[in-house]
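Okay, structure first, notes after.
Only the coordinates and a few stated rules stand behind these numbers; no lab work does. Small disclaimer: the values here were computed from a predicted structure and weren't measured. Cβ atoms come from the backbone with ideal geometry, glycine included; neighbour counts cover every protein chain shown.
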Amino acid sequence: MTDNVPVEYALAAVMLMVAIGLGLLTLALGRVFGPARRPQQKNPPPEHGGRTGHKTWVQFRLRYAVLALLFVSFDMEMVFMFPWAVVFKRDGLIAFFDMFVFVAILAAAIFFAWKEGAFDWEY
């Protein structure tokens, strides 16, 4: 087993060189065949059609992020409940109390979000 260590290092070095070479080849091909760079004043950002003449810093509500986190918490609850149903048949009451603690923690988080107004849709 110790005889193959230099061979394994050599293979790793070759793979690293191939990966770096492919990355550099991709960058070179992009520079050769890609569009030419234009001066900054003639190159407006394509996302919105042009440069604005006013301040573009806007505030947005974090409500959507909170709702996304709540969705993830419900989703993770289901991810853990399906395997738990299999283990519950085998372990019985211990598995029941484990899931009770898990659901209680999730319920506390959802209750906190509800108390903070995460589910209110008024603007």
- Message: Give me the extension gain from Ala10 to Phe100: residue separation times 0.36 nm, minus the current Cα-Cα distance, reported in nm with one decimal.
- Response: 27.1 nm
- Item | As computed over region 63-115, the Cα convex hull volume per residue (Å³) | 51 Å³
- Note on the structure: Here, Glu77 and Ala113, labelled 7 Å along Cα→Cβ, have an inter-label distance in nm of 0.9 nm
- Item | Additional length obtainable on full extension of the chain from Phe33 to Val86, 0.36 nm per residue less Cα span | 13.5 nm
